[in-house]
1. In the range 50-68, which residue that is of a type outside the set (D, E, K, R) and crowded, with 17+ Cβ neighbours inside 10 Å is farthest from residue 135 (Cα to Cα)?
2. Tell me which of these residue 76 doesn't satisfy, since it passes every other one: (1) touching a Cys at 6+ places or on another chain (Cβ under 6 Å); (2) modelled with pLDDT under 95; (3) aliphatic (A, V, I, L, M).
3. Has the range 21-32 got at least one residue that is at pLDDT below 95 and under 20 Å from the mean Cα position of the chain (by Cα)?
4. Here are 4, 41: which of them is more than 30 Å from residue 195 (Cβ to Cβ) and not in a helix (DSSP H, G or I)?
5. Taking the range 146-162, which residues are open to solvent by less than 50 Å² (accessible area, probe 1.4 Å) and not aromatic (Phe, Trp, Tyr)?
6. Of everything in the range 104-127, what is open to solvent by 30 Å² or more (accessible area, probe 1.4 Å), under 20 Å from residue 210 (Cβ atoms) and not in a loop (DSSP other than H, G, I, E, B)? Give them in sequence order.
7. Out of all the residues in the range 134-152, is one or more under 18 Å from residue 71 (Cβ atoms) and out of contact with any strand residue (DSSP E or B) (no Cβ under 7 Å at 6 or more places or on another chain)?
Amino acid sequence: MSLPKVATREEWLAARKDLLAKEKDLTRRRDALNIERRNLPMVEIEKDYVFDGPNGAARVIDMFDDRAQLIVYHFMFDPGWEDGCPSCTAGTDELSPGFFDHLHVRDTSYAMVSRAPLAKLERWKAKKGWDIPWYSSFGTAFNYDFGVTIDESVAPGEYNFRTRAEYEAMDADFFQSEQPFELPGRSCFLQAGGRVFHTYSQYARGLESTGGSYYFLDLTALGRQEEWEEPKGRSESARSATPDFSS
């Protein structure tokens, strides 16, 4: 695949302005979507989940650290693994102290939850040099209830709000993996009057909308350089000895 068309500055500006109109429309639609997200109903957390945390036993309300809101990243770490999920690790590596400072200013805490025992989480956290509260849900129903551990001997198979039957109707072999298996997600909670409520969860590609480098790469001509992207072969063209500027 050839590189983008070579144009004059005037031609580029005209095309950029056309794209800007679409970007502004997307911004307005995203703002409207965010309003709908904030207006979602919420569900009270009534189960007494008890996690193993850095300071001992902890419940969901303890993760708030006396703030009004809590964002939980469902980090993939099976109890049998020795290392954390590479993809979850890469995303967590992108989070900076400044990111957490900004969340805290807005009365929002951030924590991670995985099914692996705490000792494994602490070892991986130390290896990566992270300073993020990380809790083990091992022995609880938390991962199953929030759809990030798929084990149909424990709970009906469902991910990203789709059932096994819905995936099969889409000709997707999603549930053919050996169970149990771990999946990523992110969930948001609100506390009010001493009660904890689940307000939102996102999974699969929904997670990338709150990621870091992907959206920066989307601004570039080569994009994310993944096989599913269009136009095909662009990064290979850029790296070739004789780039094709013909289109």
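The values are calculated or read from the model by the stated rules, or taken from the named source; none is laboratory data. Just so we're clear, the structure is a prediction, and the values are computed from it rather than from any experiment. Counting neighbours? That spans all protein chains shown, and the Cβs are built from the backbone with ideal geometry, glycine included. Heavy atoms of the whole protein, side chains included, go into the accessibility calculation; ligands, DNA and RNA do not. Shrake-Rupley method; radii C 1.70, N 1.55, O 1.52, S 1.80 Å.
1. Checked the range 50-68; the qualifying residue farthest from residue 135 (Cα to Cα) is 64.
2. (2)
3. Yes.
4. 4
5. Matches in the range 146-162: 147, 148, 149, 150, 151, 155, 157, 160.
6. If the condition is that a residue be open to solvent by 30 Å² or more (accessible area, probe 1.4 Å), under 20 Å from residue 210 (Cβ atoms) and not in a loop (DSSP other than H, G, I, E, B), then 104, 105 are the ones that fit.
7. Yes, because at least one residue in the range 134-152 is under 18 Å from residue 71 (Cβ atoms) and out of contact with any strand residue (DSSP E or B) (no Cβ under 7 Å at 6 or more places or on another chain).
Here's the yes/no breakdown for (1) part of a loop (DSSP other than H, G, I, E, B); (2) surrounded by 12 or more Cβ atoms within 10 Å (Cβ to Cβ); (3) hydroxyl-bearing (Ser, Thr, Tyr):
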site	(1), (2), (3)
144	no, yes, yes
167	no, yes, yes
178	yes, no, no
187	no, yes, yes
191	no, yes, no
199	no, yes, yes
206	no, yes, no
220	yes, no, yes
223	yes, yes, no
